[in-house]
Amino acid sequence: MARAAGRYLTRPVGTIRAVATDAPHVVLTYDDGPDPQGTPLVLQALAKFGATATFFVLVGRARRHPDLLAELIAAGHEVALHGLDHVRLTGVPAPEVLRRTQAGRAELEDLTGTPVRWFRAPYGALLLPHWRAVRRAGLMPVVWGATPADWRHVPEETMARDALAASRPGAIVLAHDGHAGPDDGVDDGPPPPIDRGLLATMMLTGLDEQGLVGRSLSDALCQGTAARWAWFVR
Ligand SMILES: [Zn+2]
């Protein structure tokens, strides 16, 4: 992994897509929270396995659930920015993306009392002008290389199996502790009937069986290097 990713490390418009590491770390990321149902279940599972994760939160939700945000930080997890809301940014002019990202970062840093380093665009949708706006706002875009695709209406076993099949040291796993909806500026249908605690436990069990542990992105980067290469999605 370290050697394969190495040649991509300095691409000028790269987005973080993995961590080049020799440590048995998989980067766990959770999007679309905080959520009063999903977040506590995910936190319980992470605690059981001694894992840390990066939570890409929606600022509107963080505002409504500051208690959950505080709980994440107190448990040693990392808070990063997913957006003020869940609107697809590629339909938004780049100067407006800059303004939103600056505002989101500032409010999140106020709410958490910790620096925010990372940004994940809703749907991973980011074109070059938007990528530049995010960088100008002082954040680095992050995507993923493995996911349970937990927006599907399939059993948790299927989701966990799909995520684990692509999990190896340094892989970034995308999962969800919430489901963005009308309060977040989008209508993507009803949330899937999923037990987020069960899915997290299944994924963490499978990782453990492979000798892998879940780490937040910043924790993983203590023993690795960001592997960045281009990712542009409309
Ligand atoms: Zn999202």
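The values are calculated or read from the model by the stated rules, or taken from the named source; none is laboratory data. Keep in mind it's a predicted model, so treat the numbers as computed, not measured. Here Cβ is always computed from backbone atoms with ideal geometry, including for glycine, and neighbour counts include all displayed protein chains. Ligands, DNA and RNA are stripped out before the accessible areas are found, and what is left, the full protein with its side chains, is counted by its heavy atoms. Shrake-Rupley method; radii C 1.70, N 1.55, O 1.52, S 1.80 Å.
Quick notes
- Cα centre as origin, Lys/Arg/Asp/Glu Cβ charges: the range 15-229 dipole, Debye: 880 debye
- Dipole magnitude of the range 98-143, debye to nearest 20 (Cβ charges: Lys/Arg +1, Asp/Glu -1, about Cα centre): 260 debye
- Per-residue 3J(HN,Hα) values for the range 207-214, derived from phi via the Karplus relation 6.51 cos²θ - 1.76 cosθ + 1.60 with θ = phi - 60°, read 5, 4, 5, 8, x, 10, 10, x Hz in sequence order (x marks Gly and Pro).
- For Asp177, the shell of other residues with beta-carbons less than 13 Å away shows a net charge of -4, using +1 for Lys and Arg and -1 for Asp and Glu.
- With every protein chain in place and a 1.4 angstrom probe, the accessible-area ranking of Tyr123, Tyr30, largest first, reads Tyr123, Tyr30.
- Sorted largest first by accessible area at a 1.4 angstrom probe radius, with every protein chain in place, the residues Arg135, Arg120, Arg63 fall in the order Arg63, Arg135, Arg120.
- Only one residue of Val42, Ser216, Val116 has its Cα farthest out toward the positive end of the dipole of the range 15-229, where Lys and Arg carry +1 and Asp and Glu -1 on Cβ, and that residue is Val116.
- Computed over the chain, the per-residue total of -39500 (n - 2.57) for DSSP H runs of n ≥ 4 gives a 222 nm mean residue ellipticity of -11000 deg cm²/dmol, rounded to 500.
- Vicinal HN-Hα couplings computed from phi for the range 138-144 (Karplus, 6.51 cos²θ - 1.76 cosθ + 1.60; Hz; Gly/Pro x): x, 10, 10, x, 10, 10, 7
- About the centre of its Cα atoms, the range 32-109 shows a dipole size close to 140 debye [charges on the beta carbon of Lys, Arg (+1) and Asp, Glu (-1) only; nearest 20 debye].
- Candidates Gly38, Gly104, Gly185, ranked by Gaussian network fluctuation over the chain, Cα under 10 Å, top entry: Gly185
- Scaled against the 2.2 N^0.38 Å expected of a compact globular protein of N residues, the Cα radius of gyration of the range 103-234 reads 1.14.
- Listed residues Ile172, Ile194 arranged by accessible area, highest first, probe 1.4 Å: Ile194, Ile172
- Percentage, to the nearest whole number, of Cα pairs in the chain over 22 Å apart: 48 percent
- Calculated P(r) tail over 20 Å for the range 59-126, as whole % of Cα pairs: 26 percent
- Of the accessible area of the chain, computed with a 1.4 Å probe over protein heavy atoms only, carbon and sulfur atoms account for 54 percent.
- Spin-label pair Gln102-Arg63: with each label point 7 Å from Cα along the Cα-Cβ axis, the two points sit 1.8 nm from one another.
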